[in-house]
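Below you'll find the structure, written out as structure tokens, and then a few comments.
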Amino acid sequence: MDTKSKSRAANWLSIVALAIAMLSLMYCFNFIQHLFEQGFLKSNRTVVQLTRILKGGA
């Protein structure tokens with residue numbers, strides 16, 4: 001879907017903003033990947049432990 005913009009500067013600024021966003025994601029990808037890998041394991045352990053405590057089998 002095309003949008004009609006009267007300002008060429010706005011188009012260029014949008015392209016620059018998208019490029020900066022892509023570079024940021026590429027820079028942070030390793031950290032995000034590590035967070036998902038370790039985060040899911042830790043939250044799974046936390047849920048199992050909390051379930052065990054709530055059942056009374058601490």
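The values are calculated or read from the model by the stated rules, or taken from the named source; none is laboratory data. This is a predicted model, so every value here is computed, not measured. Neighbour counts are summed over all protein chains in view; Cβ atoms, including those assigned to glycine, are modelled from backbone coordinates with ideal geometry. Accessible surface is based on the protein model in full, side chains and every heavy atom, while ligands, DNA and RNA are left aside. Shrake-Rupley method; radii C 1.70, N 1.55, O 1.52, S 1.80 Å.
All conditions but one from (1) surrounded by 10 or more Cβ atoms within 10 Å (Cβ to Cβ); (2) at pLDDT 85 or above; (3) within 14 Å of the chain's Cα centre (by Cα) apply to MET26; the one that does not is (1). The number of residues in the stretch 1-21 that are open to solvent by 100 Å² or more (accessible area, probe 1.4 Å), among the aliphatic types (A, V, I, L, M) and at pLDDT below 95 comes to 2.
Selection over the stretch 29-49 of residues that are at pLDDT 75 or above and under 26 Å from the mean Cα position of the chain (by Cα) gives a count of 14.
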